[in-house]
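The values are calculated or read from the model by the stated rules, or taken from the named source; none is laboratory data. The structure displayed is predicted, hence computed values, not measured ones. A quick note on method: Cβ atoms are made from the backbone with ideal geometry, for glycine too, and the neighbour counts reach across all protein chains shown. We work out accessible area using only protein heavy atoms, side chains counted, and drop any ligands, DNA or RNA first. Shrake-Rupley method; radii C 1.70, N 1.55, O 1.52, S 1.80 Å.
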Amino acid sequence: MTAPEIAEALQFALDASEAVRGTTSPNPPVGAVILDADGAVAGVGATAPPGGPHAEVRALEAAGERARGGTAVVTLEPCNHTGRTGPCARALIEAGIATVYYSVADPNPVAGGGADTLRVAGITVHPGLGAEAVARGPLRAWLHRQHTGRPHVTWKYAASMDGRSAAADGTSKWISGPESRARVHDQRSRLDAIIVGTGTVLADDPWLTARLPDGELAPHQPLRVVVGMREIPTSARVLDDSAPTLVLRTHDIGEVLDALGDRPDVLLEGGPRLAGAFLAAGCVDRIQAYLAPVVLGAGEAAVEDAGVGTISDALRFRRERVETVGSDILLTLVPDRDN
């Protein structure tokens, strides 16, 4: 098998994994590709919703007899246990696969060990293929939950160049451009949950739904989570039937995260006091800051009360990515653990 064939197969597996992100929890959104003995793509699969087949099984079903003597390229080490479905390592062995490439070892002690089972069966196993791209991509949130025991929280906000999320009169639509808003809707369609505070609900009355470019609801909708002690009206858009909603009467960030259960991929959308509380609790794992080329001069800041009293206590982040989205700049930042 040539290196370009393997690299192309990994990209197909990544794309398949990304396509099902948000629909597989508590299972990871894995992608798998089967190459036949000649190196041609014979089958592509991704994890089905809970209770359905895993990525390797779906790819093997698509490949049929062409899998025999072929190669499997998988984003996560094939599982080695029987749960609601059988072990994927066994399925690969029975299909006659000769070689397996996988990106990331399974950190779950119950499901891990598939690579050793494959080797014992005489299959050549290559770990670590594209590990960084997978760990920073579709499996990011799931791996974070496996390692930390809590969901992965991305704080997303839009602000002016002077850090304002609303003008002096409270208006905030629209600071960011249409391309940024479209990107956020696409992101929502792959999430497990979106969190906002009661203040945001009362001020903006958002739907917090994921919508397609034509304005229709996306097939997958994340859980909408409203946090705070203030009452919200029964007419609030966030309480409609377009997506599930969970209202949490608490200010305790630990209680909020515990209530999310097996939903690992979470977006924190607002407002500034709730964002500050998550930052102060050390529970922001990534920031996505959409910076618009406007200056407001006054108005609400993007974050308040993050627990920083002096410069030595500053919460420091490092740049992971910088992108241009329409007329806006998108900064993706992760905690700087070295400071």
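What the table below lists for this structure:
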item	result
Over the chain: helical MRE at 222 nm, DSSP H runs n ≥ 4 each giving -39500 (n - 2.57), nearest 500	-7500 deg cm²/dmol
Global geometry of the stretch 164-300, whether rounded, prolate or oblate, following the gyration tensor of its Cα atoms and the 1.5 cut on a/c	rounded
Amide H within-cut-off set for Phe317, under 5 Å, with H built and near neighbours excluded	Asp336
Taking the stretch 109-191 and dividing mean pair separation by its residue count, relative contact order in percent (alpha carbons under 8 Å, at least six apart)	11 percent
Using a Förster distance of 56 Å, the FRET efficiency for Arg337-Glu94 (Cβ separation, nearest 0.05)	0.85
Arg318/His185 FRET efficiency (R0 22 Å; Cβ-Cβ; nearest 0.05)	0.20
The stretch 1-140: C-alpha gyration tensor shape, a/c 1.5 cut-off, then a/b vs b/c	rounded
Percentage relative contact order, the chain, counting C-alpha pairs under 8 Å, at least six apart	15 percent
Per-q log10 I(q)/I(0), the stretch 44-107, q = 0.23 Å⁻¹ (Debye; single scatterer per alpha-carbon; no solvent)	-0.97
For the stretch 248-339, accessible area per residue (1.4 Å probe, heavy atoms of protein chains only), Å²	51 Å²
Neighbourhood net charge (10 Å Cβ-Cβ; Lys/Arg +1, Asp/Glu -1) for Pro151	-2
GNM top mover of Leu212, Leu76, Leu143 - the chain, alpha-carbon springs below 10 Å	Leu212
Length-normalised contact order for the stretch 197-276 - Cα pairs under 8 Å, 6+ apart - percent	32 percent
Surface share of carbon and sulfur [accessible, 1.4 angstrom probe, percent] for the chain	51 percent
Span from the the stretch 125-160 Cα centroid across to the the stretch 1-47 one, whole angstrom	17 Å
C-alpha center-to-center spacing [the stretch 169-202, the stretch 220-267] in angstrom	15 Å
